[in-house]
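Remarks on the structure that follows.
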Amino acid sequence: MRNIKLTIEYDGTNYSGWQIQKNSVSIQESIEKAIITVTGQSINLTGSSRTDAGVHAKGMTANFFCDTTIPEKSIAAAINSKLPEDIAILDAQYVDENFHSRYSSTGKRYSYTILNRRVSSPLLRNFAAHVWYPLCIDSMREACKYFLGTQDFSAFMSTGSSVKTTIRTIRLLNLVHSDDIIKLYIEADGFLYNMVRIISGTLIDIGRGIISPNDITRIIESKDRERAGKTAPPQGLCLEEVYY
């Protein structure tokens, strides 16, 4: 049995998210079906993250065990031939049997895209959150520094998740502004449920002047979800890379 690691890109618009669910189509289910068709074997695909409905990925990783004779260099092409056009295997490689796409990860990098203009964009409607009111970029940038480091991010986690600890280390949080587009890049050793979307929603509220940049420290210390901003829409979120 070989342990095979996949690097995956997908447009999550038409899916219920990564994880298999009843009565809806997921990314995981679509890829598993393609692998089963190609190999003729039942497999269990383990993803590094469980992205929500409408969330995208440029560098999602997953792994599965399979007794296959397909050459390593041909695995990605074989699976891609059975996938819909909004999912693609960018790379496939044999890895050590102890590799686990989730538990072996040392961190992840996400981006969040905001379209900040009066009129929405038909072209970006599935890939950016539309914010029509003016945002103060300087205030948003100022706030980013307060998120950095090892802290308890309970205030930035949605309910419905059971984790051993809510302490995470944010290594990077950058804001890039160009014309009507605001892009947030955030890297950490791990993320809580909806953590990136809540941080993004909080930064939007800071841009509106609802929250002050120096309020972030107090919000984090409070561990109170009600004190942070709204959960930003899913379509602006993209998993950029998983680190090992």
Percent accessible area from carbon and sulfur atoms, segment 19-145, protein chains only, probe 1.4 Å: 49 percent
Spatially proximal lysines relative to Lys33 (Cα-Cα < 23 Å; intrachain offsets below 8 disregarded): Lys5, Lys22, Lys58, Lys73, Lys82
Residue of Ser158, Ser178, Ser24 that the Gaussian network model of the chain assigns the largest fluctuation, springs spanning Cα pairs under 10 Å: Ser178
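Using a 1.4 angstrom probe with every protein chain in place, what is the largest-first accessible-area order of Ile167, Ile204? Don't skip to the answer; put the middle values down first.
Values: Ile167 85, Ile204 15 Å².
From most accessible down to least: Ile167, Ile204.
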Cα principal axis extents for segment 168-211, largest first, Å: 30, 22, 13
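Put Thr37, Thr159, Thr51 in order of accessible area, largest first, 1.4 Å probe: what do you get?
Details: Thr37 90, Thr159 125, Thr51 15 Å².
The most accessible residue leads, giving Thr159, Thr37, Thr51.
As an exercise, identify the trypsin sites (Lys or Arg not before Pro) in segment 1-106 lying in DSSP coil whose Cβ has no more than 13 other Cβ atoms within 10 Å.
Working: sites: Arg2, Lys5, Lys22, Lys33, Arg50, Lys58, Lys73, Lys82, Arg102; in loops: Lys22, Arg50, Lys82, Arg102.
Answer by residue number: Lys22.
With every protein chain left in place, what is the accessible area per residue of segment 1-160 in square angstrom, probe 1.4 Å? Intermediate results must be reported in sequence, preceding the final value.
Numbers: 8130 Å² over 160 residues.
Result: 51 Å² of accessible area for each residue.
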Within a Gaussian network of the chain (alpha carbon springs, distance under 10 Å), most fluctuating of Gln28, Gln93, Gln41: Gln41
Most to least accessible of Trp132, Trp18 (protein chains only, probe 1.4 Å): Trp132, Trp18
Formal net charge of residues neighbouring Tyr15 (Cβ-Cβ distance under 15 Å; K, R +1; D, E -1): -4
Gyration tensor over alpha-carbon atoms, segment 1-43, equivalent ellipsoid semi-axes in Å: 20, 13, 8
Exposure of Leu135 as accessible area (Å², to 10), given a probe of 1.4 Å and all protein chains: 20 Å²
His100 accessible area, assembled protein chains, probe 1.4 Å, Å²: 50 Å²
Sum of -39500 (n - 2.57) over DSSP H runs of 4+, divided by residues of the chain (222 nm, nearest 500): -6500 deg cm²/dmol
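Compute the accessible area per residue over segment 188-236, keeping the other protein chains in place, probe 1.4 Å, unit Å².
With the other protein chains kept in place, segment 188-236 gives 43 Å² per residue.
Rg(Cα) of segment 88-227 divided by 2.2 N^0.38 Å?
Numbers: Rg = 16.7 Å, N = 140, 2.2 N^0.38 = 14.4 Å.
The reported ratio for this selection is 1.16.
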Accessible area (Å², 1.4 Å probe, nearest 10) - Ile216: 0 Å²
At 0.692 mPa s and 37 °C, Stokes D of the chain from Kirkwood alpha-carbon radius, µm² per second: 173 µm²/s
Separation between Cα centres of segment 111-132 and segment 134-172, rounded to whole Å: 22 Å
Surrounding net charge for Gly207, when Lys and Arg each add one and Asp and Glu each subtract one, Cβ distance under 12 Å: -1
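The values are calculated or read from the model by the stated rules, or taken from the named source; none is laboratory data. Fair warning: this is a prediction, and the values are worked out from it, not measured in the lab. Counting neighbours? That spans all protein chains shown, and the Cβs are built from the backbone with ideal geometry, glycine included. What goes into the accessible areas is simple: the full protein's heavy atoms, side chains included, and nothing from ligands, DNA or RNA. Shrake-Rupley method; radii C 1.70, N 1.55, O 1.52, S 1.80 Å.
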